[in-house]
Every structure is written in C-alpha cells, then in structure tokens.
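Single-structure report; data block below.
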Amino acid sequence: MTNPQLNVHGELTHLLATEGLPREILIHILDTAATFVGITDREVKKIPLLRGKSVFNLFFENSTRTRTTFEIAAKRLSADVINLDITRSSTAKGETLLDTIDNLCSMHADMFVVRHAMSGAPYLIAEHLKRMGKHDIHVVNAGDGRHAHPTQGLLDMYTIRHFKKDFEPLTVAVVGDILHSRVARSDIHALKTLGVAELRAVGPKTLLPSEFSHLGMRVFHNLEEGLKDCDVIIMLRLQNERMNGALLPSVSEYFGHYGLSPEKLAYAKPDAIVMHPGPINRGVEIASEVADGQQAVILDQVTFGIAVRMAVMSILAGN
Ligand code: CP
C-alpha cells in the first residue's frame, strides 16, 4: 500500500501522522528544526523560503498553541498566512469540507494546515487533492479527532532530544487519558521509530486502550510504579470533550491516583523532564508545583514548536 504522506520519490508531501514516517524523515525534520532554532536565536526575524506561498490555517476546533505557532512559523518563512474564521465561513451555512477546499484552491492555496474534530479529515483532503491532480498543494494535520497530532509529536521529540540528547537509553512514560489522545498516539509512534529503550503507558484501565500493550508498551495502572526511574514523563490532559459516559469516578479521585504531584514525581529519576502538550488542567492531571517547577519543560515545548513547524513547512514546500 502506498504511504499517502510520501511522493513517488519517497519524500514528504503531506504531514498526516508520525505513524509510518521513516526514521530518516523524522530525523531530517528535527535536524532542520535545529537550524531554525539557531536562526531565531540570532534574531534573524524572517527567511524567504516560503516567499510568495499562501498558507491557509483551517481550524475547525479550538487552539491556542498550534494555530498561533503555525502562523508565526509561516510568517518567519515569509509566507502569506490566511486564518479562515470557521464560525464566519460558509461551512457554517452547510458547505462541505471539500467544497471549501476547492474554493481555497481557486485562491491559489499552497498549503493547508487543518485541525478537525473528525479523525481522518486531513487524509480526506490529501486524497481529494491527489484526485484533482493538485500535487503541489500540501496538507499538514494540526490534530484530527483522537487520531494524530504529528507536529505536536515532532516538537515533543525535539524537546526530548534537546534535553536528553539520545533516544536509545531513555525510559519514557506517557501518563493519563491515552484513550482520547491524538498527542499520545503521535508521540508513541515517533518514540518507537526513534528507538527508546522502554516505553510505558500509565493510566486507569478505562482510559488505556488494549492496543498499547500490542504496540510493545509496558502498561501500568499504578502511577508510582509507572514513573519509577523514568527519564521523560509525558502528561496528558483529561479530554472531557471527547469522553462519552462516566469513564472516571471523579476529577479529585483521578488527581489522587494519576495526578503528577511532587511526591509522585520523586519516583522518576532526579533529572527527569516533565512534558505536557497543553492546555494543562492544574490540580486535575498535574499539580501547580510540578507544572511550574524546575523539571517542567512545558513552555520550552511551545517555543520549539515554532522551529519544528518551520521545518515541516519548508521541507514540504521544497519537495
Ligand atoms: N497542544 C495543542 O495542540 O494545543 P492547542 O490545542 O492550544 O493547539
């Protein structure tokens, strides 16, 4: 089966998921991002790699970090950025997603950055563009339902490599609402491809799908055991908006068992880093003392997200 993310030369043409991305492409994105971190550190504000290109941000779901950092990244690459206001667009009048895409293509779009509540929506757009022969228009998945959030996965890999250098010796715990988390899926696929020593899934049975033990992860339902001697802890938000029915007894009980407090964090290695994709729920999955503490790299993740998104967009445009 062909990989819808790659062109006939095996180069990245859409970024839809970290699943199925070859290791060399992951590393190429991280290495390219490192050059952009250097550029932004040297205060060179703009580089012309996307000059004359139009990037359309299509966010059918709320976002603070992803939408804004994509916009900053595209502007730093000198692209024209169009943020479609979905609530005021014709989708609110019943226009289909693909009719909206056709109309934006007629406005000479070069790239679509898409967040959608429906898993698979960015794939639908990529397939449609292929059918229409529009091979030079690229799609970047900015989060689709429970399925994937590949640029979050990549910026998480960048953050881990920045603080820990090599992936191979690491024990990484992904903690919390894995069932509903597209970030967890993107992180897990990337971490497996990059070859960490041990990958753990930690959470209550109701929020831990059985697929994760099949993916070669060690599954823990006890937080202290799951964190023991970890190098990296990836906390996940409780995704209330994606839960159907009562999967948890109460939020306070959840925090008591699975919330990352300073006492629980002490089970990990003393130099372990604490990550979270945001938005954080203080006192639900993470205590303020940990979120604001020395081991948290949550705001570094956001900053690295700009360079990683610059890397993804420039690689796609170059291919
Ligand atoms: N991490 C993340 O996707 O955050 P936003 O929902 O604010 O974009």
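Of all residues assigned to the range 62-71, none qualifies as being modelled with pLDDT of 95 or more, under 13 Å from residue 116 (Cβ atoms) and either more than 16 Å from the ligand (Cβ to nearest atom) or among the hydrophobic types (A, V, I, L, M, F, W, C) (or both). Note on the range 255-304: residues that are closer than 17 Å to residue 183 by Cα, part of a helix (DSSP H, G or I) and among the hydrophobic types (A, V, I, L, M, F, W, C) amount to 4. Being assigned to a loop (DSSP other than H, G, I, E, B) and under 16 Å from the mean Cα position of the chain (by Cα): is that true of residue 179 here? Yes.
Close Cβ contacts (under 7 Å, 6 or more residues apart or on different chains) running from residues in the range 66-78 that are open to solvent by 40 Å² or more (accessible area, probe 1.4 Å) to residues that are among the aliphatic types (A, V, I, L, M) comprise 72/306; 75/81; 76/47; 76/310. Exactly one residue among 117, 142, 121 is within 16 Å of the ligand (Cβ to nearest atom), over 24 Å from residue 26 (Cα atoms) and aliphatic (A, V, I, L, M), and that residue is 117. Is it true that residue 92 is on the phi < 0 side of the Ramachandran plot, at pLDDT below 95, exposed (fewer than 15 other Cβ atoms within 10 Å of the Cβ) and within 16 Å of the ligand (Cβ to nearest atom)? In short, no. Filtering the range 229-254 to residues that are out of contact with any strand residue (DSSP E or B) (no Cβ under 9 Å at 6 or more places or on another chain) and either outside any loop (DSSP other than H, G, I, E, B) or modelled with pLDDT of 95 or more (or both) leaves 240, 241, 242, 251, 252, 253, 254. Residue count for the range 10-20 satisfying the condition of being closer than 14 Å to residue 152 by Cβ and open to solvent by less than 10 Å² (accessible area, probe 1.4 Å): 4.
I'm trying to understand the selection: among the residues of the range 50-65, which are surrounded by fewer than 19 Cβ atoms within 10 Å (Cβ to Cβ) and over 20 Å from residue 303 (Cα atoms)?
Those that are surrounded by fewer than 19 Cβ atoms within 10 Å (Cβ to Cβ) and over 20 Å from residue 303 (Cα atoms): 51, 52, 54, 61.
Has the range 7-22 got at least one residue that is small (Gly, Ala, Ser), under 25 Å from residue 239 (Cβ atoms) and modelled with pLDDT of 95 or more? Yes, some residue in the range 7-22 is small (Gly, Ala, Ser), under 25 Å from residue 239 (Cβ atoms) and modelled with pLDDT of 95 or more.
When the residues of the range 161-217 are filtered to those that are open to solvent by less than 10 Å² (accessible area, probe 1.4 Å) and of a type in the set (S, T, N, Q), the one that is modelled with the highest pLDDT is 186.
The values are calculated or read from the model by the stated rules, or taken from the named source; none is laboratory data. What you see is a predicted model; the values in this text were computed from it and never measured. Please note: Cβ atoms are built from the backbone with ideal geometry, for glycine as well, and neighbour counts cover all protein chains shown. Accessible surface areas use protein heavy atoms only, side chains included; no ligands, DNA or RNA. Shrake-Rupley method; radii C 1.70, N 1.55, O 1.52, S 1.80 Å.
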